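What follows is a set of notes on a single structure, which appears directly below.
The values are calculated or read from the model by the stated rules, or taken from the named source; none is laboratory data. Because the structure is predicted, anything quoted here is derived from the model rather than measured. Virtual Cβ from ideal backbone geometry, glycine too; neighbours counted across all protein chains shown.
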Amino acid sequence: MSDFQPVLSARLGKKNSCALATYVADGGYASWKKVLAGSKTGEWTPAKVTDVVKASGLRGRGGAGFPTGMKWTFVPPKEKRGAKPVYLLCNADESEPGTFKDRILIEKDPHQILEGMMLASFALDVKHAYIYIRGEMVHGAEILNAAIDEAYAAGLLGKNVLGSGMDLDLTVHRGAGAYICGEETALIESLEGKRGHPRIKPPFPAVSGVWNAPTVVNNVETLCCVKHILDRGADWFKGIGRNERNTGPKLYCVSGHVEKPGVYEAPMGIPFKDLLAMCGGMKGGRKLKAVIPGGSSAPMLTAAEIIDVPLDFDGVAAAKSMLGSAAIIVMDETTDMPKAVTNIAKFYAHESCGQCTPCREGTPWLHKMLKRIVAGQGKKADVEMLLQVAGQMGNGMTICVFADAAIAPVLSAIPKFREEFEAYVTKSASPGFDQPAAAGITSKVAERTAEGMHS
Amino acid sequence: MSGGANTPVETLPGQPPVGEHGALSCGKELSFSPGAEARFARLLTRYPTKQAALLPTLWIAQEEWGWISREAVDYVATRLGLSSAFVWGVVTFYTMYNRAPVGRHLIQVCTSISCHLNGAEEVFHACRKKLGDLKPGQTSADGKFTVVEVECLAQCDKAPAVMVNGDDHARITLENLDAFLSELK
Ligand code: SF4
Ligand code: FES
């Protein structure tokens with residue numbers, strides 16, 4: 001592991017790393033040229049590119065960890081989809097709290113992303129691909145647009161790319177501030193010019209996505225991996241990582257109470273304690289208390305639970321949390337856990353898209369209740385009530401997994417740090433929530449949840 | 001400030017006396033400048049439907065006029081063949097379209113978890129206090145500053161993270177807040 005050389009982040013510190021000339025000087029677009037040239041001789045076909053990606057074991061870096069090559073094969077073959085085009089959407093809506101890896105790729109090595117998109121477009125027979133970038137990344141969008149302009153000027157995009165006969169257009173689409181648009185189908189709705197309301201699935205985007213056409217949505221880092229897999233081969237990629245289900249290099253976003261927060265690249269599956277050492281350890285030498293390993297929607301793990309965990313999809317899942325976007329949020333002994341959970345609950349209360357009742361009503365309710373607890377106005381039964389309400393919001397009763405994400409912090413932190421929550425309510429002199437009213441909300445959520453099942 | 005349909009507009013006081021579609025009037029008839037017109041024309045070539053150009057067209061509108069007024073909603077709706085009610089529904093779903101004029105410096109303080117762990121709430125409060133006890137979303141009397149709370153800006157390693165208009169600022173703390181604010185002219 002010590003001989004690991006950064007792959008995805010290799011060029012980030014270089015001078016003019018965004019320029020086409022430096023990218024090409026570093027071997028960039030070699031795979032794109034290779035594949036296009038090979039497509040004329042029959043050496044490269046879309047199926048072959050897909051097979052290489054499949055063989056690499058690449059799993060999506062956006063959060064779900066779904067095998068990328070397999071996702072591509074869900075697009076119906078030409079015979080079945082008829083005249084419908086296929087769309088590739090690069091998900092650059094990075095907004096899961098704690099996540100900031102895609103941003104540096106966008107701002108420091110945009111051509112790497114474009115090349116990944118070109119290769120994926122070849123594999124999927126895409127003629128127009130879009131990058132959906134979150135609205136807040138104003139400069140990121142400018143940088144991507146400049147890179148795209150350069151690529152067009154160099155004939156790497158446009159009509160009859162490099163004489164291959166293939167046409168490919170690429171467009172940056174800026175969001176406007178809505179966390180939910182990171183969800184595939186919400187992103188699709190948003191690209192269509194609508195509110196970002198997740199769609200009921202099926203149909204899955206691969207069959208009917210944007211403009212009712214087959215659509216593949218891949219994360220920024222995932223597409224960067226595609227480029228490197230085509231550069232160096234599936235076996236090379238597979239050789240990096242803990243085991244064959246968790247392969248390749250990985251960007252970890254470490255934030256919170258560490259000495260040197262930042263994006264760190266390591267082989268997939270690096271143990272948490274090694275990553276912590278890379279970050280210079282805990283800030284001020286304080287003690288580790290807990291970690292959220294995959295963005296704010298991942299269940300929290302205590303210091304003892306996380307310390308030896310290999311940070312990959314299966315490793316973190318085995319510890320009963322998730323790698324998600326690899327946003328590792330580190331909390332030291334000074335962290336007030338009820339306040340941290342209240343902060344996260346506030347985020348979800350704000351960001352629910354409002355379509356499903358358990359989510360729309362449950363998320364603000366959790367936040368309100370937590371807010372009262374940390375304000376010293378709760379009472380003992382409130383802690384139990386939080387668990388009850390949260391318990392009724394998930395379980396697949398909603399259109400998307402947002403509701404499950406919203407309850408994970410509550411359901412994980414309360415049992416693990418119960419005494420801290422109870423300390424707030426026992427200190428409190430106020431009668432707090434009046435029980436019948438609170439119970440009323442609980443049953444209302446339950447009732448609406450049942451309704452939601454029919455939708 | 002952030003939020004989907006679930007968010008009441010709590011951060012922008014001086015907000016919609018509910019009108020025709022809830023939007024504030026700017027009292028003027030609007031149309032795109034030649035520059036905006038050219039960008040708009042180019043936009044339309046990038047999508048298979050006109051409607052898909054809605055978000056980027058609203059961005060052009062906001063860059064032109066600073067915020068999305070009732071007249072801007074009507075104008076954009078007409079240009080894209082959509083109803084004003086639909087456009088307003090989209091405007092209000094997203095948090096970055098300003099529904100009222102904002103100050104020259106829109107100071108957006110992230111208070112999401114990683115920034116929270118590094119004292120972002122205190123920075124947000126201190127920032128408002130220093131600029132004249134501004135409420136969240138309120139604009140200072142001289143029209144210079146609006147301070148809002150936003151969610152994760154994807155620079156959690158630089159917590160507390162602040163964005164002013166489109167520019168990123170790292171590690172804004174109680175200690176360097178004065179220096180940071182004095183840079184904003
Ligand atoms: S679960 Fe929440 S965010 Fe997802 S569709 Fe339902 S209301 Fe919207
Ligand atoms: S939590 Fe503040 S920038 Fe991510």
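Restricting to segment A:207-259, what's the tally of residues that are over 22 Å from A:Ile131 (Cβ atoms), more than 14 Å from chain B (Cβ to nearest Cβ) and not charged (D, E, K, R)?
At the first step, the residues of segment A:207-259 found to be over 22 Å from A:Ile131 (Cβ atoms) are A:207, A:232-247, A:252, A:254-259.
In the following step, the residues that additionally are more than 14 Å from chain B (Cβ to nearest Cβ) were identified as A:207, A:232-247.
Now narrow it down to the ones that are not charged (D, E, K, R): A:207, A:233-234, A:236-237, A:239-241, A:243, A:246-247.
Number satisfying all stated conditions: 11.
Collect the residues in segment A:67-103 that are hydrophobic (A, V, I, L, M, F, W, C) and within 13 Å of A:Leu144 (Cβ to Cβ), keeping them in residue-number order.
A:Cys90, A:Ala92 - these are the residues of segment A:67-103 that are hydrophobic (A, V, I, L, M, F, W, C) and within 13 Å of A:Leu144 (Cβ to Cβ).
I want to confirm something. Restricting to segment A:107-131 and keeping residues that are in contact with a His (Cβ under 9 Å, 6 or more places away or on another chain) and under 23 Å from B:Ala161 (Cβ atoms), which single residue is nearest to ligand 1 (Cβ to nearest atom)? Even if it seems obvious, please write down each step before you answer.
Of segment A:107-131, the ones in contact with a His (Cβ under 9 Å, 6 or more places away or on another chain) are A:107, A:112, A:116, A:121, A:130-131.
Filter once more, so that each one left must be under 23 Å from B:Ala161 (Cβ atoms): A:107, A:131.
Details: A:Glu107: 28, A:Ile131: 23 Å.
Result: A:Ile131.
Looking at A:Ile133, is it over 20 Å from A:Leu58 (Cα atoms), in contact (Cβ under 8 Å) with a residue 12 or more places away in the chain and either surrounded by 18 or more Cβ atoms within 10 Å (Cβ to Cβ) or not assigned by TED's automatic domain parsing to the domain that holds A:His173 (or both)? Show your work before the answer.
Values: over 20 Å from A:Leu58 (Cα atoms): yes; in contact (Cβ under 8 Å) with a residue 12 or more places away in the chain: yes; either surrounded by 18 or more Cβ atoms within 10 Å (Cβ to Cβ) or not assigned by TED's automatic domain parsing to the domain that holds A:His173 (or both): yes.
In short, yes.
Can A:Gly354 be described as within 16 Å of ligand 1 (Cβ to nearest atom), in contact with a helix residue (DSSP H, G or I) (Cβ under 8 Å, 6 or more places away or on another chain) and either part of a loop (DSSP other than H, G, I, E, B) or at pLDDT below 95 (or both)?
Numbers: within 16 Å of ligand 1 (Cβ to nearest atom): yes; in contact with a helix residue (DSSP H, G or I) (Cβ under 8 Å, 6 or more places away or on another chain): yes; either part of a loop (DSSP other than H, G, I, E, B) or at pLDDT below 95 (or both): yes.
Spelling it out, A:Gly354 is indeed within 16 Å of ligand 1 (Cβ to nearest atom), in contact with a helix residue (DSSP H, G or I) (Cβ under 8 Å, 6 or more places away or on another chain) and either part of a loop (DSSP other than H, G, I, E, B) or at pLDDT below 95 (or both).
Quick one: in segment A:319-335, of everything that is of a type outside the set (A, V, I, L, M, F, W, C) and touching a strand residue (DSSP E or B) at 6+ places or on another chain (Cβ under 6 Å), which residue is nearest to A:Val258 (Cα to Cα)? Steps first, answer last, please.
Let us first name the residues in segment A:319-335 that are of a type outside the set (A, V, I, L, M, F, W, C), namely A:320-321, A:324-325, A:332-335.
Going one step further and asking which of them are touching a strand residue (DSSP E or B) at 6+ places or on another chain (Cβ under 6 Å), we end up with A:321, A:332-333, A:335.
Working: A:Ser321: 21, A:Asp332: 8, A:Glu333: 12, A:Thr335: 13 Å.
Among them, the one singled out is A:Asp332.
Considering only segment A:67-77, I want to know if a residue exists there that is over 30 Å from A:Met322 (Cα atoms) and assigned by TED's automatic domain parsing to the domain that holds A:Glu107.
Step one: filter segment A:67-77 for residues over 30 Å from A:Met322 (Cα atoms), giving A:76-77.
Restricting the remaining residues to those that are assigned by TED's automatic domain parsing to the domain that holds A:Glu107 gives A:76-77.
Scanning segment A:67-77 turns up at least one residue that is over 30 Å from A:Met322 (Cα atoms) and assigned by TED's automatic domain parsing to the domain that holds A:Glu107.
Yes/no matrix, rows are residues, columns are (1) surrounded by fewer than 23 Cβ atoms within 10 Å (Cβ to Cβ); (2) within 14 Å of chain A (Cβ to nearest Cβ); (3) acidic (Asp, Glu); (4) away from ligand 2 (no atom under 16 Å from the Cβ):
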residue	(1), (2), (3), (4)
B:Ser112	no, yes, no, no
B:Leu134	yes, no, no, yes
B:Gln138	yes, no, no, yes
B:Asp142	yes, no, yes, yes
B:Phe145	no, no, no, yes
B:Glu151	no, yes, yes, no
B:Gln155	no, yes, no, no
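Would you please name the residue that is farthest from A:Thr73 (Cα to Cα), looking only at residues in segment A:112-144 that are of a type in the set (A, V, I, L, M, F, W, C) and within 13 Å of chain B (Cβ to nearest Cβ)?
Applying the first criterion (of a type in the set (A, V, I, L, M, F, W, C)) to segment A:112-144 yields A:113-114, A:117-120, A:122-124, A:126, A:129, A:131, A:133, A:137-138, A:141, A:143-144.
Retained after the next criterion (residues that are within 13 Å of chain B (Cβ to nearest Cβ)): A:129, A:131, A:133, A:137-138, A:141, A:143.
On the way: A:Ala129: 17, A:Ile131: 21, A:Ile133: 25, A:Met137: 31, A:Val138: 34, A:Ala141: 30, A:Ile143: 31 Å.
Looking at residues that are of a type in the set (A, V, I, L, M, F, W, C) and within 13 Å of chain B (Cβ to nearest Cβ), I get A:Val138.
Quick one: would you say B:Val164 is modelled with pLDDT of 95 or more, more than 16 Å from ligand 1 (Cβ to nearest atom) and closer than 19 Å to A:Ser255 by Cα?
Working: modelled with pLDDT of 95 or more: yes; more than 16 Å from ligand 1 (Cβ to nearest atom): yes; closer than 19 Å to A:Ser255 by Cα: no.
No.
If B:Glu71 satisfies every condition in (1) out of contact with any Cys (no Cβ under 8 Å at 6 or more places or on another chain); (2) assigned by TED's automatic domain parsing to the domain that holds B:Ala41; (3) surrounded by fewer than 23 Cβ atoms within 10 Å (Cβ to Cβ); (4) in a helix (DSSP H, G or I) but one, which is the exception?
Against the list (1) out of contact with any Cys (no Cβ under 8 Å at 6 or more places or on another chain); (2) assigned by TED's automatic domain parsing to the domain that holds B:Ala41; (3) surrounded by fewer than 23 Cβ atoms within 10 Å (Cβ to Cβ); (4) in a helix (DSSP H, G or I), B:Glu71 comes up short only on (1).
When you go through (1) more than 8 Å from ligand 1 (Cβ to nearest atom); (2) surrounded by fewer than 24 Cβ atoms within 10 Å (Cβ to Cβ); (3) of a type in the set (A, V, I, L, M, F, W, C) one by one for A:Met393, which number turns out not to apply?
Just one mismatch for A:Met393, condition (2).
Considering only residues that are surrounded by 18 or more Cβ atoms within 10 Å (Cβ to Cβ) and touching a helix residue (DSSP H, G or I) at 6+ places or on another chain (Cβ under 7 Å), which ones fall in segment A:283-306?
A:Leu288, A:Lys289, A:Ala290, A:Val291, A:Pro293, A:Gly294, A:Ser296, A:Ser297, A:Ala298, A:Pro299, A:Met300, A:Ile306, listed by residue number.
What residue, of A:Val309, A:Val330, is surrounded by 24 or more Cβ atoms within 10 Å (Cβ to Cβ), more than 19 Å from A:Leu366 (Cβ to Cβ) and touching a residue at least 12 places away in the same chain (Cβ under 8 Å)?
Result of the check over A:Val309, A:Val330: A:Val330.
Just to verify a result, which residue in segment A:179-200, among those that are in a loop (DSSP other than H, G, I, E, B) and away from ligand 1 (no atom under 11 Å from the Cβ), is nearest to the other protein chains (Cβ to nearest Cβ)? Working first, answer last.
Of the residues in segment A:179-200, the ones in a loop (DSSP other than H, G, I, E, B) are A:183, A:192-200.
When the remaining residues are screened for being away from ligand 1 (no atom under 11 Å from the Cβ), the result is A:192-194.
Numbers: A:Glu192: 5, A:Gly193: 3, A:Lys194: 7 Å.
Ranking the qualifying residues of segment A:179-200, first place goes to A:Gly193.
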